[in-house]
Amino acid sequence: MRSKKHYTICSELREFGRLKSYKGKRYGFSTKNKSNGLKNFDERYVFHRIGWNFRMSDAPAAFGIQQLKKLDLMNSKRIQNAKFLINNLGKINHLELPKLNSKHIKNTFYSFPILLKKNSNINRKKLVQYLENSGIETRAIMCGTLPDQPSLTNAPGISFGKLKNSRYIRDNGFFIGCHPLLTIKSLKYVVNIFNKFFKKISWKIF
C-alpha cells in the first residue's frame, strides 16, 4: 500500500533524520522552544528524527575512486577560491572569516563558512535571503547546536554550560560555495553582491 506519509518517514530515516516535510519559506523554521531552540533556521538542516546514512552504494563508491585521482587539483582550487574570498570579503568589517592555511593547519575548504560578528547587528536571515535572491546559494552551519535539534531536544544526554558560543554560531553563521568550478568572474560576482547588501543597509565598509 502506497503512503506519502510513510515515504516521507523513510526518506527522513535514510538521511540522518533530516526534515523532509517542511513547506515554509527558506530560513523560516523555528522550534516551539523559544529560549534555546532553533529560530529562523535553514530548514534543510533540521533533524527531527534519529536517522541513519544509507545513501552510499557500489556505483557512487566507483565514482569516488575516480574522483580521488583529482583530489589534489580540486583541493588546490578550493584553497585558491577561499583566498580570493578572504582577501575581498575581509574588507567588510562585519564578517568573521576563516583563516588561510598555516604551519599547523591545512584547510581544503569543503565550503566557505562566514560568521556575523557580535557587534555587527546584522540580521542573518535578511543577508542570506539577499544572497539567495541574487543566485548565491547558502547553507546553515550543519546541525547548529545538537541539543537544540527537534530529534534530540528531549533525548538523554549531557551538556555543559549554556553553550553560548555554539548557539551564537548556530544563529549567526552560514556557508557559501567554494567549489573548484567557480571562476574568477563568479567569485567577483559573489563579492559584489555582498558589497551591495552592506551598502544598501548603510553600513560602512572598510
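Please treat every number below as a calculation from the coordinates, not as lab data. Just so it is clear, the model here is predicted, and its values are computed rather than measured. We place every Cβ from the backbone using ideal geometry, glycine too, and count neighbours over all the protein chains shown.
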Suppose a student asked you for the relative contact order of the range 70-200, using Cα pairs under 8 Å spaced at least 6 residues apart; what percent would you report?
34
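Rounded, prolate or oblate: which fits the range 1-110 when a ≥ b ≥ c are the square roots of the eigenvalues of the alpha-carbon gyration tensor, with rounded for a/c under 1.5 and prolate only if a/b beats b/c?
Taking the square roots of the gyration eigenvalues as a ≥ b ≥ c, the range 1-110 is oblate.
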From the cross-link list Lys20/Lys188; Lys77/Lys103; Lys5/Lys32; Lys117/Lys199; Lys25/Lys70, which pairs have alpha carbons spaced over 26 Å apart?
Lys20/Lys188; Lys25/Lys70
So for the chain, using the alpha carbon gyration tensor with a ≥ b ≥ c as root eigenvalues (a/c under 1.5 gives rounded; past that, a/b versus b/c decides prolate or oblate), I'd call it oblate
Using alpha carbon centroids, what distance separates the range 93-113 and the range 141-183, in Å?
18
For a quick check, take a GNM of the chain with Cα springs below 10 Å and name the residue from Asn172, Asn33, Asn195 with the largest mean-square fluctuation.
Asn33
Comparing Ile65, Ile86, Ile176, which has the greatest mean-square fluctuation in the GNM of the chain with Cα pairs linked when under 10 Å apart?
Ile65
Please build a GNM for the chain, connecting alpha carbons under 10 Å apart, and tell me which residue among Ile158, Ile79, Ile169 fluctuates the most.
Ile158
As a test of the formula, what do you get for the chain when each DSSP H run with n ≥ 4 contributes -39,500 (n - 2.57) and the sum is divided by the residue count, at 222 nm and rounded to the nearest 500 deg cm²/dmol?
-11500 deg cm²/dmol
When the Cα centres of the range 23-41 and the range 57-89 are compared, how far apart do they sit, in Å?
32
Pull up the cross-link candidates among the aspartates and glutamates for Lys106, meaning alpha carbon to alpha carbon under 15 Å and not fewer than 8 places away within one chain.
Asp72
Name the chymotrypsin sites (Phe, Trp or Tyr not before Pro) in the range 94-193 that are in a loop by DSSP and that have at most 15 other C-beta atoms within 10 Å, would you?
Tyr110, Phe160
